[in-house]
1. Excluding the sites themselves, what is the longest stretch of the chain that contains no GluC sites (Glu not before Pro) in a DSSP loop with at most 14 other C-beta atoms within 10 Å?
2. Set Lys and Arg Cβ to +1 and Asp and Glu Cβ to -1, take the dipole of the chain about its Cα centre, and tell me which of Leu51, Leu7, Asn75 lies farthest positive.
3. How tilted is helix 110-123 with respect to the longest principal axis of the chain? Cα atoms for both, answer in degrees (0 to 90, nearest 10).
4. Working out 0.36 nm times the residue gap between Trp9 and Tyr80, then minus their Cα-Cα distance, what length gain in nm do you get to one decimal?
5. Measure nothing but the geometry: give the 0 to 90° angle between the long axis through the Cα atoms of 40-50 and the longest principal axis through the Cα atoms of the chain, rounded to 10°.
6. Using unit Cβ charges (K, R positive; D, E negative) and no other charged atoms, how large, in debye to the nearest 20, is the dipole of the chain about its Cα centre?
7. On a 31 Å Cα-Cα criterion, which of the cross-link pairs Lys70/Lys125; Lys26/Lys122; Lys25/Lys125; Lys17/Lys105; Lys26/Lys114; Lys25/Lys114 come out too long?
8. 222 nm [θ] for the chain, helices only, -39500 (n - 2.57) per DSSP H run of 4+, per residue, to 500?
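Nothing in this text is a laboratory measurement; each read-out follows from the coordinates by a stated rule. Small disclaimer: the values here were computed from a predicted structure and weren't measured. Glycine also receives a Cβ, built like all others from the backbone with ideal geometry; neighbour counts cover every protein chain displayed.
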Amino acid sequence: KFMKGELSWGSWYDHVKGYWMEREKKNILYLFYEDMKENPRREVERIMRYLDLSLSDEVISQIVELTSFKNMKDNPMANYSCIPSPVFDQSISPFMRKGEVGDWKNHFNPEQTKIFDEDYEKQMKDVNIPFRSLI
């Protein structure tokens, strides 16, 4: 379903490509999960600058803590556990697993990885998004 775009919110590829291609023309801040995992404070400060805000170190630290993977995994508004199972069945695959960069490799066998890589290459050929799989 993921590769076919048969998700409640539509195609992941279309979503990501659309925002990436508009990022220079519109008021869009593009964040990467790997960057947030690598240095959450830096990314919160980046958001703060983007929004032209000035926050105290204490408030920034609170934001970093409240947006940590552990806290968000326990928050129904962030982990999507409040969404009915006919729309998003978390018994098949929870929205939030471990919060580790590259953990997808533990869920794909070599054949699935090959199929996904080929589909990704085809779907994303027109964009050059600097995704990282390691930090």
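1. Values: sites that count: Glu6, Glu24, Glu100.
Between the exposed loop sites, the longest stretch runs 25-99.
2. Among Leu51, Leu7, Asn75, the one farthest towards the positive end of the dipole of the chain is Leu7.
3. Between helix and principal axis, roughly 70 degrees.
4. 24.3 nm
5. Around 70 degrees separate the two axes.
6. Working: 20 positive and 23 negative charges, 24 e Å.
The calculated dipole for the chain is roughly 120 debye.
7. Going by Cα-Cα distance, Lys70/Lys125; Lys26/Lys114; Lys25/Lys114 fall outside the 31 Å limit.
8. On the way: 7 runs with 61 residues, N = 135.
Dividing the helical sum by the residues of the chain leaves -12500 deg cm²/dmol.
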